[in-house]
Amino acid sequence: MAQVRPLSFAGIGGRADAVIVAHDDAAEASQVATDAALAGLPVLIWPPLAPRLADVDRLIAAAESTGAPACFGAHLLFAPVVDAAVRHRAALGDLEHLSVILHAAATDEDDPETTGRRALRLLVPHALSLLCATLGDLEIRGLRCRLDTGAHLEVRLSSGLIAVVDAAFRDETTMCAVQIASSTGTVRAELAPQLGLEIDGRPEPVPTTLVDGIEPALADLGYLATVRGFVGAIARRGGRVCPVGFGRMLLELAAAAAVSADDGAAEVELPISGIRDRIIG
């Protein structure tokens with residue numbers, strides 16, 4: 001019979017090169033990642049990152065105290081189709097439209113009264129990562145959030161544009177897409193239910209990465225590139241990684257969205273204080 005024993009990073013010593021944390025309990029995940037960083041081990045933590053911003057602050061402080069790399073698994077940033085969309089977005093100039101939609105399959109156990117907050121906690125950070133990837137030089141100045149069976153955000157940018165994020169557990173299949181437009185053109189990237197890329201309304205070849213023995217979706221959705229970048233970084237070969245600090249910024253936005261939702265969808269100006277110990281969602 002298999003035995004489950006508490007894991008002590010202090011006792012691992014030189015037997016581990018790094019730690020990858022994937023746990024659906026945000027509190028457990030952030031604690032394991034913090035313990036690993038305190039032991040001087042490089043860590044890659046997949047979302048959910050932490051239940052509170054204070055927990056992420058501790059993780060980052062732990063990594064800084066030992067010099068251990070602390071990376072965040074914002075895998076959609078590494079998806080080839082997103083990379084292509086970001087490259088095309090650079091040629092659009094001043095944006096007139098920016099929207100992200102992320103719908104995940106609902107389950108029989110989902111309570112319509114609570115799925116909005118669940119979407120805010122689990123889906124909104126992913127959707128916001130796509131939004132941030134396409135901002136270019138724009139900055140987020142404020143946001144408002146309305147919750148029903150999903151989380152619906154209006155994000156005010158430094159240009160005055162209001163970007164829209166729609167995240168919900170409501171469809172039978174997952175849907176994920178980002179759409180960008182200016183007076184000179186449009187870009188649409190779709191990650192689910194199928195990969196797609198449109199430039200000015202015309203379908204374009206979708207960049208893919210095929211690796212023997214690897215499920216294509218792991219490459220298409222950025223998981224493979226995320227892990228490869230982390231491995232390259234800890235092997236000191238260089239690698240494209242997403243720092244935990246980016247994850248903290250996404251969590252700050254989600255916390256601000258929760259404040260807005262609790263205040264009747266009133267706009268919250270950023271940065272906002274007094275949210276470090278707030279449970280997200």
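The values are calculated or read from the model by the stated rules, or taken from the named source; none is laboratory data. Because the structure is predicted, anything quoted here is derived from the model rather than measured. Neighbour counts run over all protein chains shown; Cβ positions are idealised from the backbone, glycine included.
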Next on the checklist: For region 174-206, give me the residue count where each residue is of a type in the set (Lys, Arg) and within 23 Å of the chain's Cα centre (by Cα).
Outcome noted: 1
Next on the checklist: Filter region 90-119 down to the residues that are in a helix (DSSP H, G or I) and buried (at least 24 other Cβ atoms within 10 Å of the Cβ) and list them by number.
Outcome noted: 119
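Could we say that residue 241 is buried (at least 17 other Cβ atoms within 10 Å of the Cβ) and either modelled with pLDDT of 95 or more or assigned to a loop (DSSP other than H, G, I, E, B) (or both) here?
Taking the combined requirement at face value, the residue satisfies it.
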Next on the checklist: aliphatic (A, V, I, L, M) and at pLDDT 95 or above: which single residue out of 164, 206 fits that description?
Outcome noted: 164
Checklist entry - Given the conditions (1) surrounded by 23 or more Cβ atoms within 10 Å (Cβ to Cβ); (2) at pLDDT 95 or above, and given that residue 36 satisfies all but one, which numbered condition is not satisfied? => result (2)
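Here is a check on your reading of the model: is residue 250 more than 21 Å from residue 16 (Cα to Cα), free of Cβ contacts under 8 Å to residues at least 60 places away in the same chain and of a type outside the set (Val, Ile, Thr)?
Values: more than 21 Å from residue 16 (Cα to Cα): yes; free of Cβ contacts under 8 Å to residues at least 60 places away in the same chain: no; of a type outside the set (Val, Ile, Thr): yes.
So residue 250 does not fit the description; no.
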Next on the checklist: Give me the residue from region 1-20 that is under 27 Å from residue 78 (Cα atoms) and either more than 19 Å from the chain's Cα centre (by Cα) or surrounded by 20 or more Cβ atoms within 10 Å (Cβ to Cβ) (or both) and, out of that set, modelled with the lowest pLDDT.
Outcome noted: 16
Checklist entry - Which members of region 244-280 meet the condition of being of a type in the set (Gly, Ala, Ser), crowded, with 18+ Cβ neighbours inside 10 Å and over 17 Å from residue 144 (Cα atoms)? => result 247
Checklist entry - In the list 155, 81, which residue meets the criterion of being under 20 Å from the mean Cα position of the chain (by Cα), at pLDDT 95 or above and assigned to a helix (DSSP H, G or I)? => result 81
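Identify all residues within region 38-75 that are within 25 Å of residue 218 (Cβ to Cβ), in a loop (DSSP other than H, G, I, E, B) and in contact (Cβ under 8 Å) with a residue 40 or more places away in the chain; write none if there are none. Let's see the steps before the verdict.
Going through region 38-75, the residues within 25 Å of residue 218 (Cβ to Cβ) turn out to be 41-50, 69-75.
Of the ones still in play, those that are also in a loop (DSSP other than H, G, I, E, B) are 41-42, 46-50, 69, 73-74.
Within region 38-75, 42, 47, 48, 49, 50, 69, 73, 74 qualify.
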Checklist entry - From 56, 86, 124, which residue is over 24 Å from residue 29 (Cα atoms) and either among the aliphatic types (A, V, I, L, M) or in contact with a Cys (Cβ under 8 Å, 6 or more places away or on another chain) (or both)? => result 86
Next on the checklist: Go through (1) farther than 20 Å from residue 261 by Cα; (2) modelled with pLDDT of 95 or more; (3) within 18 Å of the chain's Cα centre (by Cα) for residue 138 and report which single condition fails.
Outcome noted: (3)
